[in-house]
1. From the list Val254, Val220, Val202, Val243, pick out the single residue that is within 29 Å of Ile313 (Cα to Cα) and among the β-branched types (Val, Ile, Thr).
2. Residues Ala101, Ala77, Ala81: which one is within 22 Å of Gly324 (Cα to Cα) and free of Cβ contacts under 8 Å to residues at least 40 places away in the same chain?
3. Enumerate the pairs (first residue in the range 111-137 and closer than 16 Å to Ala101 by Cα; second residue anywhere and acidic (Asp, Glu) and part of a helix (DSSP H, G or I)) with beta-carbon separation below 7 Å, excluding pairs fewer than 6 apart on the same chain, so at least 6 apart or on different chains.
4. Testing Ile273 on (1) among the β-branched types (Val, Ile, Thr); (2) touching an Asp or Glu at 6+ places or on another chain (Cβ under 9 Å); (3) under 18 Å from Val141 (Cα atoms), one condition comes back false. Which one is that?
5. Test of understanding: among Gly180, Gly186, Gly143, which residue is buried (at least 22 other Cβ atoms within 10 Å of the Cβ), assigned to a loop (DSSP other than H, G, I, E, B) and either in contact (Cβ under 8 Å) with a residue 40 or more places away in the chain or not aliphatic (A, V, I, L, M) (or both)?
6. Go through the range 284-297 and give me each residue that's out of contact with any Phe, Trp or Tyr (no Cβ under 9 Å at 6 or more places or on another chain) and of a type outside the set (D, E, K, R).
7. Report the residue count in the range 1-57 for those that are among the small types (Gly, Ala, Ser) and farther than 15 Å from Val96 by Cβ.
8. Considering only the range 15-39, state which residues are farther than 10 Å from Thr67 by Cβ, surrounded by fewer than 23 Cβ atoms within 10 Å (Cβ to Cβ) and among the hydroxyl-bearing types (Ser, Thr, Tyr).
Amino acid sequence: MEEQKSILILAIESSCDETAAAVVKNGREVLSNVISSQIALHTLYGGVVPEIASRKHIEKINQVIETALSEAGAELADIDAIGVTYGPGLVGALLVGVAEAKAIAYAAKKPLIGVHHIEGHIAANYIEHPELEPPFLSLVVSGGHTHLVRVEDYGKFDIIGRTRDDAAGEAFDKVARAIGLGYPGGPKIDQVSKEGNPEAIVFPRAHVEDAPYDFSFSGVKSAVLNYINGSRMKGESYSQADVAASFQKAVTDVLVANAMRAVEEYKVDKIAIAGGVASNSALREAMKSACEERGVKLYYPSPVYCTDNAAMIGVAAYYEYLAGTRHGWDLNAVPNLKLGERYE
């Protein structure tokens with residue numbers, strides 16, 4: 001029997017402040033994953049400055065792609081298709097990646113495949129868990145998104161819950177700034193919380209009446225700000241670690257409760273967490289014990305594949321490639337692209 005030809009995808013990701021490129025083989029094997037992070041630069045401003053992010057992408061993108069190809073031991077001639085994030089994200093940042101991908105695909109006469117950023121986050125789970133296949137439930141928690149998704153098949157999603165206001169990662173960043181931890185908030189709160197008491201302060205856990213799987217984090221964020229302001233007005237000091245740990249527990253409790261409600265209602269036995277906040281140690285621990293109680297298998301990627309990277313885009317692009325997805329030269333950046341939407 002003739003051995004099936006390997007499919008190599010060159011993937012590009014530039015939706016926020018990471019310029020990334022990767023080469024992925026057959027949708028599961030990462031041959032290279034190169035990330036140029038801008039965290040140090042944006043820390044000066046306490047958050048991502050879109051204009052600066054776009055300029056940095058332009059500076060770094062060629063070099064990152066060349067490095068990804070050379071680390072994979074591949075040339076453009078070996079590549080079967082170019083995958084690129086085209087939304088959601090910062091429009092200027094996305095445009096850099098999309099323009100680059102179109103130029104390479106056009107010059108090298110390769111198919112172009114636009115990938116949804118969140119589809120990429122979900123697909124990151126396939127890299128280290130070759131046994132994981134749809135259908136399964138996925139909890140996507142990142143700086144811009146909090147979604148509870150039924151993954152029906154590769155590239156087929158049913159969103160059953162979403163945030164009504166702040167995303168979980170956004171709330172982490174805002175609270176971190178308020179208690180003086182700075183940017184990036186998620187990892188810093190995770191670290192400081194280890195020294196705090198998560199039961200010290202009871203912050204609210206929001207439940208959306210008419211939508212049991214939806215999330216709302218603006219209330220807990222406001223409660224933290226009110227607590228801090230109240231302490232300052234009374235001239236009282238507060239424990240940074242206790243506030244961080246109590247806030248983190250309030251967010252984690254809601255994420256886990258909604259996910260477990262869905263597990264029971266939809267009778268699923270596999271759940272994968274995805275997105276930047278999926279690397280939060282408290283969330284992982286809470287999800288682990290909730291899943292063990294119910295006999296549900298939990299999957300999550302290594303931290304490098306939780307945050308923005310191109311390997312996950314390469315994995316998603318591979319399955320889109322097999323499904324026959326091809327984009328034309330009119331592919332554009334779509335900053336508010338919804339999961340499951342197709343570029344027309």
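The values are calculated or read from the model by the stated rules, or taken from the named source; none is laboratory data. Note that this is a predicted model, so its numbers are computed, not measured. Glycine also receives a Cβ, built like all others from the backbone with ideal geometry; neighbour counts cover every protein chain displayed.
1. Val254
2. Ala77
3. Between residues of the range 111-137 that are closer than 16 Å to Ala101 by Cα and residues that are acidic (Asp, Glu) and part of a helix (DSSP H, G or I), the close pairs are Ile113/Glu320; Val115/Glu320.
4. In the conditions (1) among the β-branched types (Val, Ile, Thr); (2) touching an Asp or Glu at 6+ places or on another chain (Cβ under 9 Å); (3) under 18 Å from Val141 (Cα atoms), Ile273 misses (2) alone.
5. Of Gly180, Gly186, Gly143, the one residue that is buried (at least 22 other Cβ atoms within 10 Å of the Cβ), assigned to a loop (DSSP other than H, G, I, E, B) and either in contact (Cβ under 8 Å) with a residue 40 or more places away in the chain or not aliphatic (A, V, I, L, M) (or both) is Gly143.
6. Scanning the range 284-297 gives Ala286, Ser289, Ala290, Cys291, Gly295, Val296.
7. 8
8. Ser37, the sole residue that qualifies.
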